[in-house]
Amino acid sequence: MDGMTKRGFGTRLTHLGRPPVRSHGFVNPPVHRGSTVLQPSVAARLETAKRRLERVMTYGTQGGPTHHALEDLVAEIEGGTHCTITGTGLAAVAVPLLAFLKAGDRCLMPDSAYGPTRSLAEGLMTGWGIETTFYDPTITAAGLEAIWTPNTRVLYLESPGSHTFEVQDVPALAAVARARSAVSMIDNTWGIHHFQPFAKGCDVSIQALTKYVGGHSDILLGSVTVNSAEHHALVRGAASAMGHYASPDDCWLALRGARTMAVRLKHQEAAALRVARWLQTRPEVARVLHPALPEDPGHAVWKRDFTGACSLFGVLFRPQYTEAQIFDVVDNLKLFGIGASWGGYESLALPTNAAVVRRVMPPLPGQAMRLHIGLEDVDDLIADLDQALARLHR
């Protein structure tokens with residue numbers, strides 16, 4: 001839409017991926033479902049097949065108008081030019097990794113990466129002859145240069161890190177990759193809207209649209225956004241070759257969820273910070289793992305590179321508490337569900353020590369818990385945490 005990139009975030013989310021305002025019809029675009037796409041002639045079919053990257057439809061797996069509307073919206077949010085929608089967030093991780101890596105290549109991945117991403121790197125990718133080296137997410141550009149090898153083709157980033165929330169110096173690290181003609185890609189799910197990956201030097205941005213774009217914990221979707229036609233051809237080609245596809249119904253639900261995302265993000269950021277600051281006052285807590293807090297080791301880089309924070313953060317307990325005690329705390333929360341996802345309207349709590357696998361960094365010096373703050377009244381959430389933490393003193 002003309003001039004839309006200059007509008008505010010809420011305005012863009014309201015109007016992008018929709019028919020023009022003055023066109024006749026319902027507010028939301030319809031769902032376009034289908035597998036077979038008919039052509040007027042054999043010659044037209046052959047010509048269409050050559051142009052599938054141009055959104056000339058040949059078969060349902062190439063996507064349709066509902067997919068395209070969501071792709072346009074996500075690409076704009078991420079600050080890129082082209083987006084490919086996948087069926088899950090993990091698929092959005094796998095597609096670009098396998099698009100840019102081949103046997104004999106090496107990937108550098110932060111030691112704080114999302115667990116299934118690590119499993120992919122240490123499992124299928126290893127079996128296909130792709131080497132992965134894990135590095136300290138707080139590494140400097142000089143440190144990254146020191147571990148670089150000629151066969152390093154992809155620098156993978158995740159900032160903040162999953163579960164432990166280390167903030168990476170993305171501009172400096174991405175510059176190292178670019179100077180060596182390697183591809184830098186980032187899982188930007190935590191930083192959606194608040195971090196602009198392409199402005200910071202990244203080549204690929206990954207989103208689990210399951211989280212904030214969906215917003216209601218009822219869909220599975222992912223996205224891969226790039227900033228060049230060349231990279232788009234590689235990503236789209238890999239997704240097509242591996243048979244990746246997303247339901248148009250889920251794409252439609254994601255479009256609907258995106259309309260309210262600006263309001264939800266703003267509320268959940270403020271609510272999470274209030275809960276985090278309250279937890280800092282608790283005697284049971286050694287440290288709150290939230291980069292927006294001035295006391296956090298990554299705060300300076302976060303403040304430089306991000307415009308805000310999301311609803312997900314961690315809590316590190318003092319060493320005297322056992323795993324069984326933290327399990328008891330989580331089990332006795334009344335308003336927090338016990339679940340692995342986040343970004344929805346409901347608050348979640350999860351003990352995370354078992355999920356933190358490290359190859360380079362030292363183990364956590366205590367039991368940890370991850371919290372996602374939803375849309376409940378903050379006073380109620382704090383009261384719920386207060387009664388559950390009291391069980392540590394019985």
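The values are calculated or read from the model by the stated rules, or taken from the named source; none is laboratory data. As the structure is a prediction and not an experimental result, all values here were calculated from the model. Cβ sites come from the backbone with ideal geometry, for glycine too, and all protein chains shown count toward neighbours.
Worth a mention:
- Set Leu255, Leu220, Leu265: member being within 26 Å of Thr14 (Cα to Cα), modelled with pLDDT of 95 or more, hydrophobic (A, V, I, L, M, F, W, C) and outside any helix (DSSP H, G or I): Leu220
- Look at the stretch 309-330: where a residue is within 24 Å of His193 (Cβ to Cβ) and a partner is of a type in the set (Phe, Trp, Tyr), sitting 6+ places away or on another chain with Cβ atoms under 8 Å, you get Ala309/Trp302; Cys310/Trp190; Cys310/Tyr212; Ser311/Trp342; Leu312/Trp190; Leu312/Trp342; Phe313/Phe165; Gly314/Phe165.
- Asp105 in the same structural domain as Pro160 (by TED's automatic domain parsing), over 20 Å from the mean Cα position of the chain (by Cα) and surrounded by 18 or more Cβ atoms within 10 Å (Cβ to Cβ): yes
- Considering residues of the stretch 73-102 that are of a type in the set (D, E, K, R) and touching a residue at least 60 places away in the same chain (Cβ under 8 Å) only, the residue surrounded by the fewest Cβ atoms within 10 Å (Cβ to Cβ): Glu76
- Within the stretch 338-357, none of the residues are in the same structural domain as Asp380 (by TED's automatic domain parsing) and touching a Pro at 6+ places or on another chain (Cβ under 6 Å).
- Scanning the stretch 32-77 for residues that are touching a Ser or Thr at 6+ places or on another chain (Cβ under 6 Å) and at pLDDT 90 or above gives Val74, Ala75.
- Scanning the stretch 271-296 for residues that are free of Cβ contacts under 8 Å to residues at least 24 places away in the same chain and more than 22 Å from Ile326 (Cα to Cα), we see that the one that is surrounded by the most Cβ atoms within 10 Å (Cβ to Cβ) is Ala292.
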